[in-house]
Amino acid sequence: MATTAASSLQIAAARPCISSSNRLFKGCTTFLGGNTRVASWSKLASACHISSAQLFHRSLTSSSSRFNKVVTRAMSKASENKPDSGLCIDLKGKRAFVAGVADDNGYGWAIAKSLAAAGAEILVGTWVPALNIFESSLRRGKFDESRVLPDGSLMEITKVYPLDAVFDNLEDVPEDVKANKRYAGSSNWTVQEVAESVKKDFGSIDILVHSLANGPEVTKPLLETSRNGYLAALSASSYSYVSLLKHFLPIMNPGTLLCSIIQLYGGGMSSAKAALESDTRVLAFEAGRKRKIRVNTISAGPLRSRAAKAIGFIDMMIYYSSANAPLQKELSADEVGNTAAFLASPLASAITGAVIYVDNGLNAMGVGVDSPIFKDLNIPKDQH
């Protein structure tokens, strides 16, 4: 299971904001890099903290095309009592349910971590066959390094729910699945049952994240995909998005966000991606009119997650992206998490029905610049 979602957020465990420890990003009317834009980031930097290993300094002030990984950082305790002087993101008191977290290196985990850093309470839904390993790894501290938040504390997951988003209710579950030993010992794991369990345990949620996908024929080209494989991909990867919102809608507080993350593979997954994009627009209208809920989707670039490795050609996809995208660097899960954090915040209160690309700009390319036809052109390239 691997695709993602989120609402209203703060980026830090105490009183977070977005800024740069070198105060490089000063006051912003545009997010374009370059010296001519640096002066326009001052107000944002005065209230917030975006830090990275080298804070994009070299990328924005030199010809180097390699960007460093951005991580969110909480304000120091010495700054907590200072009055806010700019744009702050605060999710304190918010509760998020992140569907599709089964390890510590996917987009779902990264989004949960950003939401936790912003002060949100985290609930997760984990695919039933992966539940025991995930909970065991949490208990034994295998994820402790990945759980570290910007302020040094560990991300806390209040509760882990078993979830199989392919099934809406118990009546939909075939007998062979019920009898499967990988499902033994777990109960109340259909979408409807999980929503009811969350309501019973917590009453309501503020953020709903769809971070799951699956396709039994994901390594096949579309022309070689069977009808059953195609429909299974759409069921697990796109209708699950609709089902989650349908069943969680009654317990979602107005103004919250449903956010999904999508990537492109084979076996009908490209069709599921198209369905997710279309459904995002329709659900934004329906949920917005019905309960004032915002619905957005992040279209992410390739990530070397455990789930993605199963397709067999993720390394090739990452190489292609690095060779052809405007920003020649490997995408990190944190960059997607940071985007979800923004979408979930009050700063994005007027954004709904949008598909946001977080792929180093690859979506903007009409042609692959690594093609031999361009060999004589002086196209700037990152020197690896």
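I'm trying to understand the selection: among the residues of the stretch 338-353, which are among the small types (Gly, Ala, Ser) and either farther than 15 Å from Gly288 by Cα or surrounded by fewer than 17 Cβ atoms within 10 Å (Cβ to Cβ) (or both)?
Of everything in the stretch 338-353, those that are among the small types (Gly, Ala, Ser) and either farther than 15 Å from Gly288 by Cα or surrounded by fewer than 17 Cβ atoms within 10 Å (Cβ to Cβ) (or both) turn out to be Ala340, Ala341, Ser345, Ser349, Ala350, Gly353.
Considering the stretch 201-224 alone, what residues qualify as being assigned to a loop (DSSP other than H, G, I, E, B), in contact with a helix residue (DSSP H, G or I) (Cβ under 9 Å, 6 or more places away or on another chain) and at pLDDT below 95?
Ser211, Leu212, Ala213, Asn214, Gly215, Pro216, Glu217, Val218, Lys220
Filter the stretch 354-380 for residues that are in a loop (DSSP other than H, G, I, E, B) and modelled with pLDDT of 85 or more; which is surrounded by the fewest Cβ atoms within 10 Å (Cβ to Cβ)?
Checked the stretch 354-380; the qualifying residue surrounded by the fewest Cβ atoms within 10 Å (Cβ to Cβ) is Met365.
Step by step: first the residues of the stretch 273-299, then only those that are open to solvent by 10 Å² or more (accessible area, probe 1.4 Å) and within 16 Å of the chain's Cα centre (by Cα), then the one that is nearest to Asp103 (Cα to Cα). Which residue is that?
Within the stretch 273-299, the match that is nearest to Asp103 (Cα to Cα) is Lys273.
Go through the stretch 229-242 and give me each residue that's crowded, with 23+ Cβ neighbours inside 10 Å and not aliphatic (A, V, I, L, M).
Selection gives Ser237, Ser238, Ser240, Tyr241.
For Val295, only one of the following conditions fails: (1) of a type outside the set (Lys, Arg); (2) part of a strand (DSSP E or B); (3) touching a helix residue (DSSP H, G or I) at 6+ places or on another chain (Cβ under 7 Å); (4) at pLDDT below 95. What is its number?
The number of the failed condition is (4).
Residues that are β-branched (Val, Ile, Thr), open to solvent by less than 20 Å² (accessible area, probe 1.4 Å) and modelled with pLDDT of 85 or more: does the stretch 309-320 have at least one?
There is no residue in the stretch 309-320 that is β-branched (Val, Ile, Thr), open to solvent by less than 20 Å² (accessible area, probe 1.4 Å) and modelled with pLDDT of 85 or more.
With Leu138, Leu163, Leu154 as the choices, which residue is touching a residue at least 60 places away in the same chain (Cβ under 8 Å) and either over 17 Å from Ala99 (Cβ atoms) or not charged (D, E, K, R) (or both)?
Leu163
Of the conditions (1) closer than 23 Å to Lys292 by Cβ; (2) open to solvent by less than 40 Å² (accessible area, probe 1.4 Å); (3) under 21 Å from the mean Cα position of the chain (by Cα), Lys246 clears all except one; give me its number.
It is condition (2) that Lys246 fails.
When you look at Leu327, is it at pLDDT below 90 and not charged (D, E, K, R), yes or no?
So Leu327 fails the test.
The values are calculated or read from the model by the stated rules, or taken from the named source; none is laboratory data. Since this is a predicted model, take the numbers as computed values, not measurements. So basically every Cβ, Gly included, is an ideal-geometry build from the backbone, and we count neighbours across all protein chains shown. For the accessible areas, the whole protein counts, side chains as well, though only heavy atoms, and no ligand, DNA or RNA atoms are used. Shrake-Rupley method; radii C 1.70, N 1.55, O 1.52, S 1.80 Å.
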